[in-house]
Every structure is written in C-alpha cells, then in structure tokens.
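Working notes for the structure below.
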Amino acid sequence: MAKKKKKKGSTAGKIIWTFFFLLFLSVFCFSAYKLATIYLEYKEGTDEYDGLQKYAVTSSVKPMDKKENQEEPTQSGEGETVTAAPEQEEPQAYEPPQVDFASLQAINPDVVGWLDMEMLDISYPIVQGTDNDRYLHTTVEGNYNFAGAIFMDAGNKKDFSDHHTIVYGHNMKNKSMFGRLKYITEEEAYKTSRYFWICTPEHTYKYEIFSAYITSVFGDTYTLYQEGGAEFLSWVEGQASRSAIPNQGMTYSQEDYVVTLSTCTSDDDHRYVILGRRVEEL
C-alpha cells in the first residue's frame, strides 16, 4: 500500500506557532516577574516609612478641636420663631505633628527634619547627605530602594536657617514619597489647605504655599539663598509670578524663608515644584 505523505506546510505552521507561543509566554513571564519585583520594592519602601512614622511621630497633623456652628432659634418681630443661619465656616485649623527626633537620629544621624502636609497624605522624615546622590535610591534606614528618601539639598544648612531651602523626593507611581505633590494643582488640593509643616529637633515651622509650577531642571528655581536681601526678594517675586495657582495677592519680604519641594515629571528635563513661605515658628 502507498504511504500518505505528511503535509510539510502543516508541520512548518505548527513549528512557527509553537515558537511564537513560547516567545509570548516568555515575555509574559518576564513581565510578570518585573511587575512583581517592582510591587515588592514599592511595598518594602512604603512599609519602612509607615513603620518609621508609627515609631517616631507621636502626634501627626490633625484638625484642632473647635465648636461647630449650631443653628439657634430666634424670635422674629411678629413673634414667630425662626432659625438663624450658621456663620460661614472658616478654613480648618491644624495642630503641628510631634516628632521623636532622638529615636530617628538613633536610626540615622542624617535625619534633619520631618515633613507633614495637611492637604495630602505626605508625612516623611527628611535627611541630608554629603551630596544629592546619597539618598536618591537609599532609604532612611540605609536600604536600597528606588523610592529613596525625602532629602534636603546638600548645599543647605540642616537647621532650615537658609532663606531658600530645597527638599527633593521621587514622584512614585504608587503615590508614595512626592507622588501626590502634583495634586496641589491637578486636583486643586490647595483649596483644602495651603500649609505644610517642617519639624526639626529645635523648632516647628509652618509654611504657606504661594507658588506651584513645572520648571526646567536648569532654571533659577534651584538657586540657593543663604541670606535675604533685595536679590532674594526679586527671586521670590519671580517664583510667585509663575504660579499655576492663585497666590491671593500675597506680599513678600527680604527676610522671608522659603522652602521648595521638588519632584520629577515624565520629562527628564523638567520638575514639578511647590514653594512655601514660612509664616509661623514654634
């Protein structure tokens, strides 16, 4: 009997299909591995800072207790009882956080402060290295992690006594670190509150946000000022004029103290910044 010949086209097709199936499976497995690795690294960073907050912050930023406006009945001229409208609610006042710096500096002596923002879920220790690379991908506890740490510019005085201090943090996709900073403008978070706190071992400072915008990495936003004066005042007014949020007719002084919070954007040549002016010292 004659044997039937196998179809070469069918066999070749199976080989090609198997090749691409295995290729796609390999790509899928590698992608899943990378995503799992990224997730675990994000979680490790988040867990570390959550632990530090529970360990060192004895009282976080919280609303102050206040009496709520209540409607009270009054008598009208005709003897009828009417209800008075409550007074317009004032912006919520907040208490500053209380931080155990002795415990933090026992973990890492590079800790110089703690940042806490009222309108966003941002609450982290601030460190300062000998250069601006030290904490790019190193956490406060000294572990490698892409999230790194919130850190002060190496050229600033660690006690925030410079008239312009810069604090950096990564714009993380899981919204940790400075990942929520852009919500100041994108979600108009400034309408909830315009303030953030920076605590140091010696003082607690309150800052009012007066400017937020995207800037070039080579722009004058990153000019450090150790002293005040006319040049510094001109710089402050220039930063205020760039703001993407209304600054409500604020006026500025040669003796102001400004902190810039800076984070990355999707463009390597630009950064998102918000600037706050010190308005209270405790």
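The values are calculated or read from the model by the stated rules, or taken from the named source; none is laboratory data. The shown structure was predicted, so the numbers you read here are calculated from the model rather than taken from an experiment. Methodologically, a virtual Cβ is constructed for each residue, glycine included, from the backbone with ideal geometry; neighbour enumeration extends over all protein chains shown. Note: areas computed on protein heavy atoms with side chains; ligands, DNA, RNA excluded. Shrake-Rupley method; radii C 1.70, N 1.55, O 1.52, S 1.80 Å.
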Sorted by accessible area (1.4 Å probe), largest first, how do S10, S176, S216, S266 line up? S266, S10, S216, S176
Dipole magnitude (debye, nearest 20) for the stretch 202-277, charges at Cβ of Lys, Arg, Asp, Glu: 260
Lys and Arg at +1, Asp and Glu at -1: neighbours of V112 with Cβ under 14 Å from its Cβ sum to -2
Given the Cα-Cα distance of N174 and V279 and 0.36 nm per residue of separation, how much length would full extension add, in nm? 34.7 nm
Relative contact order as a percentage, the stretch 138-282, C-alpha pairs under 8 Å and 6+ apart, gives 29
Taking a probe of 1.4 Å and leaving out DNA, RNA and ligands, the stretch 158-282 shows per residue an accessible area in Å² of 45
Which distance in nm do the two modelled labels at K191 and Q226 give, with both placed 7 Å along the Cα-to-Cβ direction? 4.4
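Starting from the stretch 183-282, pick out the chymotrypsin sites (Phe, Trp or Tyr not before Pro) whose DSSP state is loop and whose Cβ has at most 11 other Cβ atoms within 10 Å. List each step's numbers first, then the result.
On the way: sites: Y183, Y190, Y195, F196, W197, Y205, Y207, F210, Y213, F218, Y222, Y225, F232, W235, Y252, Y257, Y272; in loops: F218, Y252, Y257.
Loop-located and lightly packed - F218.
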Which of the GluC sites (Glu not before Pro) found in the stretch 163-249 are in a DSSP loop and have at most 14 neighbouring Cβ atoms, other than their own, within 10 Å? E187, E188, E202, E227
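What does the charge count near R134 come to, summing +1 for each Lys or Arg and -1 for each Asp or Glu among other residues with Cβ under 13 Å from its Cβ? Could you put the intermediate results ahead of the total?
Details: positive: none; negative: D110, D131, D133, D153.
With Lys, Arg at +1 and Asp, Glu at -1, the net is -4.
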For the stretch 110-182, what % of the accessible area comes from carbon and sulfur atoms, probe 1.4 Å? 45
